Amino acid sequence: MTQLKYKDTVYTVPDGSSVLDTLLDNGEDIPNSCRAGACQTCLMQATHGKVPAAAQNGLKDTHKAKNFFLACSCVPQDDMEVCLPDVEKLKFAATVTEKNKLSDNVIELKLKTDEPLKYYAGQFVTLWRDDVLGRNYSLASLPHVDDELIFHIRLIENGQFTGWVADELKVGDRLHVQEPVGDCFYTQGNPEQSIQLIGTGTGLAPLFGILRDALQSGHTGEIHLFHGGLDASGLYLHDMLTHLAEHNSNFYYHPCVVHANEGMASNIIEADLLEIVSQTVSSPAGWKSYLCGDPEIVKKLRKQIFMAGSSMNDIYSDPFVYS
Amino acid sequence: MASLYERLGGEAAVDAAVDIFYRKVLADDRVNGFFDDVDMEAQAAKQKGFLTMVFGGPNNYTGKDMREGHKHLVERGLDDSHVDAIVELLGATLKELGVGDADIQEVADLANSVRDDVLNR
Ligand SMILES: Cc1cc2nc3c(=O)[nH]c(=O)nc-3n(C[C@H](O)[C@H](O)[C@H](O)COP(=O)(O)OP(=O)(O)OC[C@H]3O[C@@H](n4cnc5c(N)ncnc54)[C@H](O)[C@@H]3O)c2cc1C
Ligand code: HEM
Ligand code: FES
C-alpha cells in the first residue's frame, strides 16, 4: 500500500485504488467526469513521487513535463504528493453570447472568450460551471472564421451540467473554458485523401467542425458524413447538411435513423449505422476516419473500420465517455 | 551476416506487420477474447513491442516482465493452445509480407523461447 499526500493530509491508498477514488472516498472534492481517462477533467499535478505512465496517456508533452496526470487513471506505485494544478492558467473566462435550440434536446451554445483561444475545430474543451463541475464539449466552430466558440449540447436526463445549461444559463452569463485538447481534427497536406466522418447524437458537433474545416481548406477528396439518430428529430442539422451536400460535389451526407418517422425527409435511411458505413465505404484502406459520440458505437466502428483494412493511425475518435 | 531483425527490415517491418497481425488476432476466435476489453490504440502500441521482441529487435523485456504481463491472462485460462495460435498468426503475417520460411521459423523459435514465462510456469 502507498501513501498519498494532498493538502497536508496523508491518506493510505488501498491496493489497486486510483488517486481519484482515494481522495473522493476521503471526502475531498476533486473534479471528475468520465473516470476512464478520456476527458481530462481530473487533471492533477504530482509534486513528489513517480507518476505511472498510464496516468499520462493522451496528455500534451508540456503537461507531462510538469508532472500533470489524470487522477482517475493513476494507481500509485510509490508514495506521491499531489495537488490540483494552478487552474487559473489553464482556464479562460468567457461570456455566453447566444443560446439556441437546434432540436427538442440539443442546444447550440456560443461563447466568447475574453482572450482568443487557439484550437482546431473538432477538439474538445472542458466547460466549468464553477470550480468543481466541469464537462467536456467539442468545438463545432472554426477558429479563423467564427468569432465565437460554438458547442452542441445534448440535454441528459438529470444531467448536472446540461440541466444547468438548459434551465439557468443565459446570454451574458460568465463561465470558464479550459484549453482545447484531443487529436480529432482536420490536418492539412493531404487534400485528395478520402474522409469519412461518423457520429451519433451530438457526436456531430466535432464532425461538423472538421467538415467545415476541410471544405474551407479546399479539400478535394470525397468527404462522407454519416449521422445516426434514434429518429429524424435527432438529425438536428439535417437541412443544413443536405444543403451543403447539394452545393459541394465532393461532400456526401448520409442521415441514418433507428426508427423511421412518418413523413420524414426522403434522403433519411432507416438502417443500422454500422451497416450503412460498411456498405458505403467497404474498403477504407487509405481513408481517414473520424468517429465521435456514443462510446459503444465508436468502439464498434473503430474495430469494423480497422478490420476492413484501414490503418489504426488513420482512425481518429472521440468517444463521449461518461460515468 | 545481418541479424534477424535487420534481415526482416527493422522498425519499418514491424510497422508493416503490426496492422496485419493485429487484424488477424482480432479475427481469430481462439485468441480474440483476450484482447477484447483492452483499448485498441494502446493495444496496437503493445503489439509493436511484441513484434519487435520476436523479430529479435532491441527491447528491454525480461522474463519477469513476461510473467507479470500475462499473469492476469493465465488466470483467465491462457495456455499452450493460445501460444500456438499466436505463433501461427505470426507466421501467416510474415508469409503475407513475403518473408522466407527459415526466417519465419527463427521468429517462431524466439516466441517459443519465452513460452514458459508467458504461461507463468
Ligand atoms: C471527449 C468528449 C467530448 C464530448 N463532447 C460533447 C459534445 O460536443 N456535446 C455533448 O452534448 N456532449 C459531449 N460530451 C459529453 C459531456 O461531456 C457530458 O458527459 C454530458 O453532457 C452529460 O453531462 P451532465 O453533467 O449533464 O450529466 P451527468 O450529471 O454527468 O450525468 C447524469 C446521468 O446521466 C448519465 N449519462 C451521462 N451522459 C449520458 C449519455 N451520453 N447517455 C446516457 N446517459 C448518460 C450518467 O451516467 C448519470 O447517471 C463529451 C464527452 C467527452 C468525453
Ligand atoms: C508467444 C509468446 C508471447 C510473447 C513473446 C508476448 C509478448 C508480449 C509483450 C512484449 C507484451 C507487452 C507489451 C507492452 O506492454 O509493451 C505483451 C502483452 C500482451 N500479451 Fe503477449 N506475448 C506472447 C503470447 C501471448 C498470448 C498467447 C496471448 C493471448 C492469446 C497474449 C496476450 C497479450 C495481451 C492481451 C497483452 C496486453 C496485456 C495488457 O496490458 O492488458 N500474449 N505480450
Ligand atoms: S479523465 Fe479522469 S475523470 Fe475523465
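Considering the conditions (1) surrounded by fewer than 16 Cβ atoms within 10 Å (Cβ to Cβ); (2) farther than 17 Å from A:Leu204 by Cα; (3) away from every other protein chain (no Cβ under 14 Å), A:Val258 is excluded by exactly one of them, (2).
Scanning the stretch A:112-135 for residues that are hydrophobic (A, V, I, L, M, F, W, C), outside any strand (DSSP E or B) and in contact with a Pro (Cβ under 6 Å, 6 or more places away or on another chain) yields a single hit, A:Val132. Residues being more than 16 Å from ligand 3 (Cβ to nearest atom) and either free of Cβ contacts under 8 Å to residues at least 12 places away in the same chain or of a type in the set (Gly, Ala, Ser) (or both) are entirely absent from the stretch A:132-139. Against the conditions (1) at pLDDT below 95; (2) over 16 Å from A:Pro85 (Cβ atoms); (3) of a type outside the set (Ser, Thr, Tyr), A:Lys60 satisfies every one except (2). Taking the criterion of being surrounded by fewer than 17 Cβ atoms within 10 Å (Cβ to Cβ) and within 16 Å of A:Val13 (Cβ to Cβ), the only residue of the stretch A:53-74 that qualifies is A:Ala54. Inside the stretch A:185-206, residues that are near ligand 1 (Cβ under 8 Å from one of its atoms) and not hydroxyl-bearing (Ser, Thr, Tyr) make up a count of 4.
Here A:Ser283 fulfils each of the conditions (1) in contact with a helix residue (DSSP H, G or I) (Cβ under 6 Å, 6 or more places away or on another chain); (2) surrounded by fewer than 14 Cβ atoms within 10 Å (Cβ to Cβ); (3) within 14 Å of chain B (Cβ to nearest Cβ) apart from (1). Criterion applied to B:Asp36, B:Asp65 was being within 12 Å of chain A (Cβ to nearest Cβ) and more than 12 Å from the chain's Cα centre (by Cα), and the one residue passing it is B:Asp36.
Candidates B:Gly77, B:Gly57: the one that is more than 9 Å from ligand 2 (Cβ to nearest atom) and within 13 Å of the chain's Cα centre (by Cα) is B:Gly57. Would you confirm, using the coordinates I've provided, whether A:Thr47 is more than 16 Å from ligand 1 (Cβ to nearest atom), more than 14 Å from chain B (Cβ to nearest Cβ), in a helix (DSSP H, G or I) and polar (S, T, N, Q)? Taking the combined requirement at face value, the residue does not satisfy it. Residue count for the stretch B:72-83 under the criterion of being surrounded by fewer than 15 Cβ atoms within 10 Å (Cβ to Cβ) and away from every other protein chain (no Cβ under 14 Å): the result is 6.
Checking the stretch A:63-76 against the condition returns a match, with at least one residue being touching a Phe, Trp or Tyr at 6+ places or on another chain (Cβ under 9 Å) and away from chain B (no Cβ under 14 Å). Sub-6 Å Cβ pairs linking a first residue in the stretch B:9-37 that is polar (S, T, N, Q) to a second residue that is exposed (fewer than 15 other Cβ atoms within 10 Å of the Cβ), at least 6 apart or interchain, number zero. The residues on offer are A:Glu28, A:Glu88, A:Glu81, and the sole one that is of a type in the set (Asp, Glu), in a helix (DSSP H, G or I) and away from ligand 2 (no atom under 16 Å from the Cβ) is A:Glu88. Working carefully through the options B:Ala45, B:Ala17, find the one that is within 14 Å of chain A (Cβ to nearest Cβ), surrounded by fewer than 17 Cβ atoms within 10 Å (Cβ to Cβ) and out of contact with any Cys (no Cβ under 7 Å at 6 or more places or on another chain). Within the list B:Ala45, B:Ala17, the selection yields B:Ala45.
Among residues that are in the same structural domain as A:Gln123 (by TED's automatic domain parsing) and either buried (at least 18 other Cβ atoms within 10 Å of the Cβ) or in contact with a His (Cβ under 9 Å, 6 or more places away or on another chain) (or both), A:Lys110 is included.
The values are calculated or read from the model by the stated rules, or taken from the named source; none is laboratory data. For clarity, every value in this text was computed on a predicted model and none was experimentally measured. When we count neighbours, we look across all protein chains shown, and the Cβ atoms used for this are built from the backbone with ideal geometry, even at glycine.
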